[in-house]
Amino acid sequence: MEFAASALTAMASAAGSVGASGVASAATAGASALTSASSALAPLTSAGSVVGSILSGSASLLQMSQLRQAGREKELSLNLQAADTVNDIARENLQQQDRSTSLRQALLQTIGERDAAYAASGVDLTFGTPAVAREQSVTQAEQALTMESATATSRVARLNERAGNLRLMARSARRSADTMADLTGLQAAGNLLRRG
């Protein structure tokens with residue numbers, strides 16, 4: 001701008017002191033001054049564009065890295081939740097075994113106490129009420145064990161499904177983050193190409 005102003009000032013002063021032919025030569029001198037001024041500024045503009053491109057590219061690379069890192073962290077978090085769910089499955093299986101063992105022990109204790117009471121009263125344990133009572137106790141215990149096993153199987157199936165869903169979500173989170181990072185890189189490349 002200063003170059004242009006000095007060129008215009010030179011043209012005006014030349015026009016005031018010289019005639020028409022002087023004005024033409026002053027105009028030529030002014031145009032020459034403008035050309036030299038713009039060619040002097042060209043490297044600065046070009047350098048600014050290069051620096052801007054470098055900064056823009058660096059920011060895009062940093063953003064891509066952050067997107068990928070966030071995807072990895074989400075994937076890790078979901079995989080850890082899936083691992084916890086697998087541990088819950090093992091825990092559920094152990095608890096089911098404990099409950100089944102407790103039911104069997106309760107059955108044996110009930111039958112033993114009942115048989116002892118009948119024997120103390122002098123009743124034959126092989127037929128009649130004692131035998132029917134024993135059969136009913138065994139049937140009830142078997143039903144309870146079957147229900148307990150079915151309930152545990154259902155819980156384990158739900159936990160397996162949850163663990164599978166968490167693993168699927170983990171893979172999806174990573175893929176999504178990678179895709180977003182790639183798109184960010186492509187947009188940055190497009191902006192650099194448009195900038196020239």
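Does any residue of region 118-136 turn out to be of a type in the set (D, E, K, R) and either under 30 Å from R174 (Cα atoms) or touching a Lys or Arg at 6+ places or on another chain (Cβ under 6 Å) (or both)? No - not one qualifying residue is present in region 118-136. So which residues in region 152-161 are in contact (Cβ under 8 Å) with a residue 12 or more places away in the chain and surrounded by fewer than 16 Cβ atoms within 10 Å (Cβ to Cβ), if there are any at all? Scanning region 152-161 gives a single hit, N160. Counting the residues of region 174-183 that are open to solvent by 70 Å² or more (accessible area, probe 1.4 Å) and either among the aliphatic types (A, V, I, L, M) or in contact with a Cys (Cβ under 8 Å, 6 or more places away or on another chain) (or both) gives 2. Restricting attention to region 86-111, the residues that are without any contact (Cβ under 8 Å) to a residue 12 or more places away in the chain and closer than 30 Å to R167 by Cβ total 6.
Every condition in (1) open to solvent by less than 80 Å² (accessible area, probe 1.4 Å); (2) at pLDDT 75 or above; (3) more than 31 Å from the chain's Cα centre (by Cα) is met by L94 except one, and the failing one is (1). Would you confirm whether any residue within region 137-149 is under 30 Å from R167 (Cα atoms) and open to solvent by less than 90 Å² (accessible area, probe 1.4 Å)? The answer is yes, given that some residue of region 137-149 is under 30 Å from R167 (Cα atoms) and open to solvent by less than 90 Å² (accessible area, probe 1.4 Å). Checked against (1) in a helix (DSSP H, G or I); (2) over 30 Å from Q81 (Cβ atoms), A150 meets all criteria but (2). Each residue in region 68-80 was checked for being under 13 Å from T179 (Cβ atoms) and open to solvent by 50 Å² or more (accessible area, probe 1.4 Å), and 2 pass. Screening the candidates R114, R134, R171, R167 for the property of being out of contact with any Phe, Trp or Tyr (no Cβ under 7 Å at 6 or more places or on another chain), under 30 Å from R68 (Cβ atoms), in contact (Cβ under 8 Å) with a residue 12 or more places away in the chain and surrounded by 16 or more Cβ atoms within 10 Å (Cβ to Cβ) yields one hit, R167.
Sub-6 Å Cβ pairs linking a first residue in region 185-196 that is closer than 12 Å to S60 by Cα to a second residue that is of a type outside the set (G, A, S) and assigned to a helix (DSSP H, G or I), at least 6 apart or interchain, are G185/M64, ordered by first then second residue.
The values are calculated or read from the model by the stated rules, or taken from the named source; none is laboratory data. Please read all numbers here as calculations on a predicted model, not as lab measurements. Ideal geometry is used to build each Cβ from the backbone, glycine not excepted, and the neighbour counts take in all protein chains shown. The area values use the complete protein model at the heavy-atom level, side chains included, leaving out ligands, DNA and RNA. Shrake-Rupley method; radii C 1.70, N 1.55, O 1.52, S 1.80 Å.
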